[in-house]
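The values are calculated or read from the model by the stated rules, or taken from the named source; none is laboratory data. As the structure is a prediction and not an experimental result, all values here were calculated from the model. Positions of Cβ are backbone-derived with ideal geometry, glycine not excepted, and every protein chain shown enters the neighbour counts. With ligands, DNA and RNA removed, areas are computed over all heavy atoms of the protein, side chains included. Shrake-Rupley method; radii C 1.70, N 1.55, O 1.52, S 1.80 Å.
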Amino acid sequence: MFEHKGMRPQDVVILLKILAKGDDAWFAKDLATELGISNAEVSDSLNRSVIGGLVAPDKRTVMKRVLLDFLTHGLPHVFPQLPGPLQRGMPTAHAAPVLADLIASDMPYVWPHPTGKVRGPSITPLHRNVPAACERDPALYDLLALADALRAGRVRERELAMKLLRERLG
């Protein structure tokens with residue numbers, strides 16, 4: 001029997017990747033490849049998510065309402081993030097395309113990334129491979145940037161991120 005030892009940041013990434021796929025069929029090995037996470041870690045993550053009630057026992061159906069509650073009320077406390085030093089990287093939170101047109105800021109938060117063209121306070125992504133995965137998947141990028149707005153944003157940014165997540169998760 002699988003022992004649950006608490007959620008890990010990559011669990012959120014995996015769940016959001018499943019949602020980003022929409023109705024597309026997927027296998028755990030696909031998630032592993034697309035996210036740069038091992039097959040074993042994807043399997044363990046899905047087991048943790050089943051035990052936590054975030055995924056149905058079929059390990060394929062994300063419990064959207066439960067996940068939304070976790071993202072809005074738990075994520076900022078379980079995986080909080082304070083902006084770090086200025087670095088070059090990929091825009092996230094309020095600076096990502098999903099929020100950038102709605103929130104004006106002269107301090108764009110970024111995930112440190114060697115090919116990044118934006119300079120701003122750094123935000124540690126939920127998993128080290130998030131920037132690369134988001135370059136390949138715009139839907140995942142939007143969801144993870146909204147999650148970062150919940151983790152590191154101010155009240156207005158968090159409220160807007162919650163609204164947009166509700167719309168995307170249905």
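Amide H of V55 versus every other amide H placed in the peptide plane: which residues, excluding those fewer than 5 positions away on the same chain, fall under 5 Å?
For V55, whose amide H was placed from the backbone, the distant partners under 5 Å are V50, M63.
Net charge near M7, counting Lys/Arg +1 and Asp/Glu -1 over other residues with Cβ under 15 Å of its Cβ?
-1
Looking at the square roots a ≥ b ≥ c of the eigenvalues of the Cα gyration tensor of region 123-170, which shape do they give, rounded for a/c under 1.5, prolate if a/b is larger than b/c, or oblate?
Oblate.
So for the pair A56, D101, with labels modelled 7 Å out along Cα→Cβ, what separation do we get in nm?
With each label placed 7 Å out from Cα toward Cβ, I get 3.4 nm.
As an exercise, identify the trypsin sites (Lys or Arg not before Pro) in region 5-85 lying in DSSP coil whose Cβ has no more than 12 other Cβ atoms within 10 Å.
K5
Rank P80, A139, F70 by how far each Cα sits towards the positive end of the charge dipole of the chain (+1 on Lys, Arg Cβ; -1 on Asp, Glu Cβ) and give me just the farthest.
P80
If the chain between D69 and A40 were fully stretched, how many nm would it gain, using 0.36 nm times the residue separation less the Cα-Cα distance?
Details: separation 29, 0.36 × 29 = 10.44 nm, distance 2.68 nm.
Between D69 and A40, full extension yields an extra 7.8 nm.
Can you give me the % of accessible surface on the chain that is carbon or sulfur? Probe 1.4 Å, all protein chains present, nothing else counted.
Carbon-and-sulfur percentage of accessible area, whole number: 54.
Quick one: putting +1 on the C-beta of Lys and Arg, -1 on the C-beta of Asp and Glu, what dipole do you get for the chain around its Cα centre, in Debye to the nearest 20?
Magnitude of the dipole: close to 260 debye.
Which value, in Å², gives the accessible area per residue of region 1-75 when a 1.4 Å probe is used on the protein heavy atoms?
That works out to 51 Å² per residue.
Under 5 Å between amide hydrogens, which residues at least 5 positions from W111 or on another chain qualify, with H placed 1.01 Å from N in the peptide plane?
M90, T92, I123
Treating only the Cβ of Lys, Arg, Asp and Glu as charged (+1, +1, -1, -1), what charge dipole size does region 80-170 show about its Cα centre? Round to the nearest 20 debye. Can you show the working numbers first?
Working: 12 positive and 9 negative charges, 36 e Å.
So the dipole magnitude of region 80-170 works out to roughly 180 debye.
Between region 59-81 and region 30-50, what is the separation of their alpha carbon centroids in Å?
17 Å
With respect to the cross-link table entries K5/K64; K29/K117; K5/K59, which display a Cα-Cα separation exceeding 27 Å?
Beyond 27 Å between Cα atoms: K29/K117.
Using only Cα atoms and rounding to the nearest 10 degrees, what angle (0 to 90) does helix 155-169 make with the longest principal axis of the chain?
For 155-169 against the chain, the angle is about 40 degrees.
What's the percent breakdown of Cα-Cα distances in the chain across 10 Å bins, shortest bin first?
With 10 Å bins starting at 0, P(r) equals 11, 41, 36, 12, 1, 0.
What's the FRET efficiency of V155 with E3 using the Cβ-Cβ distance as r and R₀ = 35 Å, to the nearest 0.05?
Details: r = 37 Å, r/R0 = 1.07.
Efficiency, from the Cβ-Cβ distance: 0.40.
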